[in-house]
1. Every residue in the stretch 12-23 that is hydrophobic (A, V, I, L, M, F, W, C) and surrounded by fewer than 20 Cβ atoms within 10 Å (Cβ to Cβ), please.
2. Just give me the residues in the stretch 80-92 being surrounded by 12 or more Cβ atoms within 10 Å (Cβ to Cβ) and either of a type in the set (S, T, N, Q) or at pLDDT 90 or above (or both), in sequence order.
3. Since LEU129 meets every condition but one in (1) in contact with a Lys or Arg (Cβ under 9 Å, 6 or more places away or on another chain); (2) surrounded by 14 or more Cβ atoms within 10 Å (Cβ to Cβ); (3) of a type in the set (A, V, I, L, M); (4) at pLDDT 90 or above, which condition does it not meet?
4. Tell me, yes or no, whether the stretch 62-76 has at least one residue that is modelled with pLDDT of 90 or more and under 20 Å from the mean Cα position of the chain (by Cα).
5. Which of (1) within 23 Å of LEU122 (Cβ to Cβ); (2) modelled with pLDDT under 90 is the odd one out, the single condition GLU5 does not satisfy?
6. Restricting to the stretch 1-25, name every residue that is more than 17 Å from PHE114 (Cα to Cα) and more than 12 Å from the chain's Cα centre (by Cα).
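The values are calculated or read from the model by the stated rules, or taken from the named source; none is laboratory data. For clarity, every value in this text was computed on a predicted model and none was experimentally measured. We place every Cβ from the backbone using ideal geometry, glycine too, and count neighbours over all the protein chains shown.
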Amino acid sequence: MAHKEELLNSIKKAMQGEMDSVTLYGNAAAHSADPEVSAFFAARRDEEQRHYNYLLKYYQEIAQDKNLSDEQLKELQQQALHPIFSGEFIQRIGADQYLFSAISTALLLEKDSFEHYHKCSLLTDNITLQSFFGLLEQWEIRHYDELLRIQKDAEEHYWQANRFQPF
């Protein structure tokens, strides 16, 4: 299993990834004048901020050689899923190049996150941390899958709105 410094460095990397997502989703929420689209991105921003806060708490506990609490794990288990997206929502994403690009970038961040959380779960023999990283991995995979569906469904609208013509 990993040494304390290796685990702390992995958590710091995860925190940076979560903060990148907070920034991306926050900017996308602020960019959209559409309440439904803005609310979607704001909700994602808030989820990623909570993930960051959980990671920070574990980082501090590990750095101070404290017993790890399972409070973050319990909170993460109680978070709700996002609803199904309407056709109008998909069209609005596809019609806005900034938002469509935000979805594409978010896909990369989410993929990097779930792969990193999988590696983190292998670095520790602490059951609480393993479960926590496993849950974060599942959340980020769920985010990735939802974003992939949005991107796929919005792609046609994106091409039409931007008058792109295939060669």
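1. Taking the stretch 12-23 as the starting set, the residues that turn out to be hydrophobic (A, V, I, L, M, F, W, C) are 14-15, 19, 22.
Passing the criteria: MET15, MET19, VAL22.
2. The initial filter retains those residues of the stretch 80-92 that are surrounded by 12 or more Cβ atoms within 10 Å (Cβ to Cβ), namely 82, 85, 89-92.
Correct list: GLN91 only.
3. For LEU129, the failing item is (1).
4. Initially, the stretch 62-76 is screened for residues modelled with pLDDT of 90 or more, giving 62-66.
Imposing the further condition that a residue be under 20 Å from the mean Cα position of the chain (by Cα) reduces the set to none.
Looking through the stretch 62-76, none of the residues is modelled with pLDDT of 90 or more and under 20 Å from the mean Cα position of the chain (by Cα).
5. The failed condition is (2).
6. Correct list: MET1, ALA2, HIS3, LYS4, GLU5, GLU6, LEU8.
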